[in-house]
Amino acid sequence: MVLHKQKIPLFAAKEEKKEISEVKRPQLRVLFDESREPNKWVNDLRSRFLLILTSNNFTVNKLTQGPINYTALREFDIFVMGASSTGASTLTPTELRTLGQFVQEGRGLLLVGNEYVGTEKDFNFALTNMFGLSFHDVVEDKKMHANPDTDTWSWAPLLNLMLDHPITKNVYNVVFPRSASLTLTLNAEPVIFSNTTSNPPCVPVLGITKYGKGKVAALGSEALLTDDQKSGIPAKDNEKLILNLFNWYPTWKTCSNCNFQSPPSTIYCPQCKKQMTD
């Protein structure tokens, strides 16, 4: 008996190829903290930012009930949390330990600031002790900003002082509206600075660090992630910067023994039980 392979319809063949490509490139799972402020991140004002993520192999999820605990975070690869809009953010010791464990095992954490975060002393003290990253004074610039036709846009500095880094690849000018500055200690490193004409001048507004096997970034501007044409994601090179930032976080691992792919925090391959290498 001779068996003939049945011809696959064109549309089915395309679907088959699509499924194969998706298996080869697992999605990174992003979790947004909305336990302190409902609808803070996953909303219509950030539709373009969310579309950037979902169009580039990231899934979007949200944490709606606190406190932050490891059970809630362990199934995700990147956790995004920001300061409150009232200047009243705090982190309990348990929540801080949870964030530390989450990153230390090989995942990513994005801390996002705003114009109020400098007043959140306990919040910044906790972040300084754990990661060497904290938020402080708001950055303004009366000379270089997103709308040169008026002198009322000092709250949206146009920045071009940045270090050569994968996060700044093909990024030349960015807008950081209502951005907090950063204080960096321990092993934290600056990536983008305020201008010499800014107040305060030449201070970091984007900083990064490695913690254990994972990575942490602090972004001074929450408003950068909105759909605003002049100061949000569509402005200058903001979209490229944000995509580079999310691609900088740890990616899924491929087992050298059986090629099975697993999340960044995986220690032993779920399929062959061999130890995963970084």
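The values are calculated or read from the model by the stated rules, or taken from the named source; none is laboratory data. Fair warning: this is a prediction, and the values are worked out from it, not measured in the lab. Positions of Cβ are generated from backbone atoms using ideal geometry, with glycine treated the same way; all protein chains shown enter the neighbour counts.
Values computed for the structure shown
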{"quantity": "Condition check for Asp164: exposed (fewer than 15 other Cβ atoms within 10 Å of the Cβ) and modelled with pLDDT of 95 or more", "calculated": "yes"}
{"quantity": "Candidate set: segment 71-97, residues that are touching a Leu at 6+ places or on another chain (Cβ under 9 Å) and farther than 21 Å from Phe246 by Cα; chosen: the one modelled with the lowest pLDDT", "calculated": "Leu91"}
{"quantity": "Positions within segment 215-255 being over 20 Å from Val139 (Cα atoms), in a strand (DSSP E or B) and modelled with pLDDT of 95 or more, in sequence order", "calculated": "Lys215, Val216"}
{"quantity": "Tally of residues being modelled with pLDDT under 95 and under 24 Å from Leu91 (Cβ atoms) across segment 43-59", "calculated": "1"}
{"quantity": "Subset of segment 87-118 (residues that are closer than 20 Å to Glu140 by Cα and surrounded by fewer than 16 Cβ atoms within 10 Å (Cβ to Cβ))", "calculated": "Gly87"}
{"quantity": "Of all residues making up segment 31-88, the number that are among the polar types (S, T, N, Q) and part of a strand (DSSP E or B)", "calculated": "2"}
{"quantity": "From Asn187, Asn124, residue being polar (S, T, N, Q) and either part of a loop (DSSP other than H, G, I, E, B) or surrounded by fewer than 22 Cβ atoms within 10 Å (Cβ to Cβ) (or both)", "calculated": "Asn187"}
{"quantity": "Some residue of segment 248-262 being within 21 Å of Gly113 (Cβ to Cβ), touching a Ser or Thr at 6+ places or on another chain (Cβ under 9 Å) and buried (at least 16 other Cβ atoms within 10 Å of the Cβ)", "calculated": "no"}
